[in-house]
Amino acid sequence: MNWDWDKLQEKRQRQNWGNSSNNSSNNNNNNKNDEEPPFGSGSGNGGGKVKWILVALVAVWLLSGIYIVNPDEEGVVLRFGKYDRTVGAGPHYALPFPIETVYKPKVTQVQRVEVGFRSVGQGRTFQQGANRSLPEESGMLTGDENIVNVQFSVQYQIKNPVEYLFNVTDQAAVVKNAAEAAMREVIGNSLIDSALTDGKLQIQTEATQLLQEILDRYKVGVRVIAVQLQDVHPPKEVSDAFKDVASAREDKSRIINEAEAYRNELIPKARGLAAEVENQAQAYKETRIRNAEGEADRFLALLKEYEQAKDVTKQRMYLEAMEEILSRPGMEKLVLPKDAADRVLPLLPLMQSAPSAGKIAPQEQPSGTQLPEATLSRPRGNN
């Protein structure tokens, strides 16, 4: 019995110790629960701040879609990498990245590529700076199988911004290669004399047209403004011979121009002189005709008077003839009677000093008219 009682006491002690340990653990748990705040009581303020930060970020992201296109630009908008629209100058809005992307190429800017040379400097004035030649680009073959170095530049603008941005990757390289190919074809169809002298303008025009056709075929979206030849010269090995040929050609042109100038000066003078001679001849013709007509009219009038009074008319005509002969200045006059005319004839060659002599044969002298014996009239100053 004692043994059972002892076991019972020991069992009770164990139960009492277990209860005390459970109570202490419960008390500790209760104390911990009292010290810790309830869940969610402190996290409410932190959640509000995060919310406002997220709202601000979304607002900034949405506002980032505002953009401005300058007057010299055009806006090309892509939506998820695919072309969507093209906009002009001014403020616009696009959905922010990565939904929409905006490219703004300068469509009015004139761009320039160089073929056969590279500019290495720019002068202080309007003159172009020094150039560095590139023989591998400038060497070309003409139609008459001569080598010539051609240096030129190409000026172009963006015509279609969509094609310009997305059809090719390196637009300047495409324009340069196409320009070189077009120039080689044009030079190949030209003679070297034309390329070096007076055919440069035609070469530039043909190269511009051909280059535009090539770029349109490739859909580069570029409009060619001009192809300008900077320098066209033969290789150094034969440059002296070409200079001699060019000098001879210039001399030929100069002589031709001088001949043309002399021709243009001489022909008008000759035409004017011919017109003057023709006018003088026409005037002389009209004068002679008028004089002949006047003499004919005078003769007819005189004939009419002569028929009416023959003796009087004959006497008047004789007196008028004598008056005309005797009134001539600077002339010796010799008037002889009828019976002395035969004796004077041998003496006529002795009077060679006289410029002219007037002799009147008195056979037709009308009756009743007497002449002086001998009258010698000499001009004054010939004594």
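Some values worked out for this structure:
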item: Residue among K304, K314, K285 that is in contact with a Pro (Cβ under 9 Å, 6 or more places away or on another chain), more than 30 Å from L141 (Cα to Cα) and part of a helix (DSSP H, G or I); result: K314
item: Residue list for the stretch 218-266, filter: out of contact with any helix residue (DSSP H, G or I) (no Cβ under 6 Å at 6 or more places or on another chain) and small (G, A, S); result: A226, S239, A241, A246, S247, A248, S253, A259, A261
item: The stretch 53-69, subset among the aliphatic types (A, V, I, L, M) and under 30 Å from G221 (Cβ atoms), residue surrounded by the most Cβ atoms within 10 Å (Cβ to Cβ); result: V69
item: Answer from Q212, Q202 - the residue that is assigned to a helix (DSSP H, G or I), exposed (fewer than 15 other Cβ atoms within 10 Å of the Cβ) and in the same structural domain as K159 (by TED's automatic domain parsing); result: Q202
item: Hits in the stretch 90-112 (condition: surrounded by fewer than 14 Cβ atoms within 10 Å (Cβ to Cβ) and part of a loop (DSSP other than H, G, I, E, B)); result: F97, P98, I99, T108, Q109, V110
item: Residue ID - farthest from G221 (Cα to Cα), chosen from residues in the stretch 70-89 that are acidic (D, E) and outside any loop (DSSP other than H, G, I, E, B); result: D84
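Residue by residue, here is whether (1) assigned to a loop (DSSP other than H, G, I, E, B); (2) at pLDDT below 90; (3) under 30 Å from E73 (Cβ atoms) holds:
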| residue | (1), (2), (3) |
| --- | --- |
| E114 | no, no, yes |
| E136 | no, yes, no |
| M140 | no, no, no |
| A182 | no, no, yes |
| D193 | no, yes, no |
| T208 | no, no, yes |
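The values are calculated or read from the model by the stated rules, or taken from the named source; none is laboratory data. The structure displayed is predicted, hence computed values, not measured ones. Positions of Cβ are generated from backbone atoms using ideal geometry, with glycine treated the same way; all protein chains shown enter the neighbour counts.
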